[in-house]
1. Just to check your reading of the model, which residue among Gly703, Gly696 is out of contact with any helix residue (DSSP H, G or I) (no Cβ under 8 Å at 6 or more places or on another chain), in the same structural domain as Leu642 (by TED's automatic domain parsing) and either free of Cβ contacts under 8 Å to residues at least 60 places away in the same chain or loosely packed, with under 15 Cβ neighbours inside 10 Å (or both)?
2. Scan the range 665-679 and tell me whether some residue there is closer than 30 Å to His784 by Cα, of a type outside the set (Lys, Arg) and assigned by TED's automatic domain parsing to the domain that holds Gly874.
3. Could you give every pair whose Cβ atoms fall below 6 Å, whose first residue belongs to the range 879-903 and is in contact (Cβ under 8 Å) with a residue 24 or more places away in the chain, and whose second residue is surrounded by 14 or more Cβ atoms within 10 Å (Cβ to Cβ) and acidic (Asp, Glu), counting only separations of at least 6 or pairs across chains?
4. Scanning for something touching a helix residue (DSSP H, G or I) at 6+ places or on another chain (Cβ under 6 Å) and farther than 24 Å from Glu879 by Cα, does the range 807-818 turn up at least one residue?
5. Give the residue, chosen from Cys353, Cys358, that is touching a strand residue (DSSP E or B) at 6+ places or on another chain (Cβ under 8 Å) and at positive phi.
6. Suppose we keep only residues that are of a type in the set (Lys, Arg) and assigned to a loop (DSSP other than H, G, I, E, B) within the range 756-783. Which one would you say is farthest from the chain's Cα centre (by Cα)?
7. Which one is nearest to Met515 (Cα to Cα) among residues in the range 422-446 that are buried (at least 17 other Cβ atoms within 10 Å of the Cβ) and without any contact (Cβ under 8 Å) to a residue 60 or more places away in the chain?
8. Can you tell me which residues in the range 595-620 are charged (D, E, K, R), touching a residue at least 60 places away in the same chain (Cβ under 8 Å) and farther than 14 Å from Asp377 by Cα?
Amino acid sequence: MTVFVCSLFLPNTINFTLPTTNSTPRTRPSLPTRTTTKIDTSQPSLFAQRDLTPPNTPPGDGNDKFFTQDAGHFPKQEGPRSIIAPNDPHSPAWGTGKLFTQPRSRASSPPPANILKHNKAVDRAVTLGRAGVRQPQLGERSDSRDRVFQHADWTVVNADQGNGGLRNAVQAAVRSGNLNEKIWVGTLGMPTDVLEDTQQKQDIEDRLATEYDSLTVFCKDSDFDGHYTHYCKQILWPVFHYQIPDNPKSKAYEDHSWVYYVKVNQDFADKVVKNWKRGDIIWVHDYHLLLVPSMIRKKLPDAKIGFFLHVAFPSSEVFRCLAVRKELLEGMLGANLIGFQIHEYARHFLQTCSRLLCVEATNDGVQLEDRFVDVMDLAIGIDPVALEMNRAEPVVEKWLCTMQERYQGKKLIVARDKLDNIRGVRQKLLAYELFLNKYPEWRDHVVMIQVATSTTEQAELDATVSDIVTRVNSSWANLAYQPLVYLKQDISYPQYLALLTVADALMIASQREGMNLTCHEYLFCQDGKFKGHNKFGSLILSEFTGSASVFGGHELSVNPWDYRQCAEAIKKALEMGDEEKEARWTKLYEAVMKHTAEHWFTTFLTRLDKAYDQQNSRDTTSIPRLSINVLMNQYLKSDRRLFIIDYEGTLASWGSPHDIILTSPQRTLDVLNDILTDERNIVYVMSGRQPEELDGLFKRVPGLGLIAENGCFLKEFGSSKWVEMADPEKMHAWQDSVEGIMRYYQERTPGSTVESRHCSLTFNYKNCEDQESASRQAGDCASHINDACEEQRVKATPVEDAVFVAPIDWSKGTAAAKIFEGLQKEITSDPTHNPPIDFLMVVGDGRDDEVAFRWANELQENKTIKNVTTVSVGSRNTEAGFTLTQGVTGVLTVLQKLAQLPYKTTVPTSS
């Protein structure tokens, strides 16, 4: 079994060695700042090689240069070195002081802002392409310069971009023996058009496949640029982090970059499909590849596919702003299991599917027409083993001692964030400024070190942050003190670990973030293992990060928009007593060590295996046909039999209880009367119809038991009295609330109706002219009811052309259990005349019959009843043990054959 790990970037990339005249390393403006995956202290400092952008502050004591001095000039350490990637999947990471030599992108400048102009350009390109005319790209290099890369020497190096947390999780799983065979699937993270179809390109692909277990996805530079730079970063990333596209600066309207997103996703799907073998696992990661699961599912219906979203998932109100919202949701639903960092994101996804796709969403997943998709929340974590190995490097301890000496007598608040609007750097610095204003006694005694990694953010935020830094340091800095050290650059990995260790507090003020693993690393580094350092520092954490849900309130939780609260949290963090700090740290550390990267990896794959097996067992193609001979044998050998049979679609061909036909076919009545002629047979018919309707339908079948309104009413066999299972007062209370909500949506949906029954309500939009608008209103209606009436124990379920609302506590399954309980009491009171039930048959066709199948199957598993047969007539995935493909005719034929059997007669060997 091989696990395909699909992420946008591979863990490795290519570095070219060019002739001396052309060997200047180049960066690519279309790609993010690069990161590396290991410490390499033999290389010069990252910051000694770059043009630094010093912080815009008054002259201080040189703090801005402190982190650039001798960052990489410590002696190289001998022995094995742990390869560890930065845990933040969307932030620049630690450089080795080396920039890769790679070609420039041939992608043109950003697509025209006007979508009409874009379409004209595309049409023109297609026309010229058909005519055999090659279109030059803006910024395209000359052929002579391009050919330099085609014949240059190259080496495989660790990539400096991508999801570091995922890489560490895979590494931890391999190290522990929980992952034996894996294949990475991703891009090189570099322009590849220059390579064209050369032997060099094939050699690169072959070497990565054989030596690095990697399948390389080669995309056109223009496709990758449109996919990543435009659609992912300018549309998906902001919306997923609650940056609603309702302002003129938003790029969301430029959705023509969607075609590039689809193309790159299809390239990934094709690569996986080409290499997949039966039994392999496909695990797709993050928002760059949302369409891949469904694309693979179309070509590999039996594939085992998992998907994990590493970023936040917004509420339906935000997600619905996307023009291709349904396509994105349906893409994710191609997986067998979808994972999110925390419960909140999983709940948002389920609500969004219910609202926008009008499908049934349960606490466990999404019920589609043909299958069920499991949904779970599972927080990713850090790799403590690898982190400890890196922390043990002598260079880290040397930096720790240097920092302790540098900031002796000062309380240190540290932070490392990407400089964008979502990370909340501006809010954090304003809160720190308020703290210094409000508590002047702390001036000269506290320093905040804010590391701001590079970004593609517009200059407006950069200028605003620089102004705040200037104002703070202008107000309180002196020759011996600088209250705010602002580094608009990354620091080396040893410096980072030392900084986390020496800090008195870490402050994270993200406005929205999936999982911030910086705080996990901070808590790990605060364990006091370094001599002279045993502080158990405080953690100030935004309540809008996924990590806040993992830590259980033991951190100092803040709302980053509430500057006063943040300022108070800083004060509390600095003044907290040692006993409280250690108690908080202990609880936080336990959470960190529980939610490790290895635990995340193995738990997800274990759950994927379970979900896949369960879903396959419910597929109608995997469920055997009902054997009439076997059933007849069981029937003849039994002494007392119980039949529970659905009406609509099972005993009669009417598709739904909402149909107005109130007559039952004569053949159905005849078959029921025939089966009841044997006194050992007990027959119940279950339906969504009201009691009075069922009385009219079956008045000519004496002795028949009835279940009305999906289990809310019960008439025992041989009785003429209906028993209401639910409390009438509670029933009327929620019905008033739900009906008010339904009437609200009815007014906004021409042609819709609201149907009221004793114990249920239905919003029906079957006769609406605008079905798309009606379906959208129905989804909103179902979501509204489920949110507003959850405490009243009712659930709104989208069904075909309707929304059905009924009590959670009463169903066909609870009615069946009530019937069986009553029969058991009869057996106890008079075992001579009432032998135990030794034959049970449950037949149905709809989603509401599944609870009855589940109840019956549990009786068989517990060996409560000897012979249990559950039969589904429908084509949906089901928990029934058998299927009948002949529909209503097949059910009536089977019952008729059973009714005609004589008592204790041998069944012939052939049908």
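1. Only one candidate passes the filter, namely Gly696.
2. Our first condition is that a residue be closer than 30 Å to His784 by Cα; within the range 665-679, this holds for none.
Looking through the range 665-679, none of the residues is closer than 30 Å to His784 by Cα, of a type outside the set (Lys, Arg) and assigned by TED's automatic domain parsing to the domain that holds Gly874.
3. If the second residue must be surrounded by 14 or more Cβ atoms within 10 Å (Cβ to Cβ) and acidic (Asp, Glu), the pairs left are Glu879/Glu850; Ala899/Asp674.
4. no
5. Details: Cys353 fails: at positive phi.
Every option except Cys358 fails the conditions.
6. Among them, the one singled out is Arg757.
7. Looking at the filtered set, the residue picked out is Arg426.
8. Within the range 595-620, Glu598, Asp609, Arg618, Asp619 meet the criteria.
The values are calculated or read from the model by the stated rules, or taken from the named source; none is laboratory data. None of the values given here were measured: they were computed from a predicted structure. All Cβ positions, glycine included, derive from the backbone under ideal geometry; neighbour counts span all protein chains shown.
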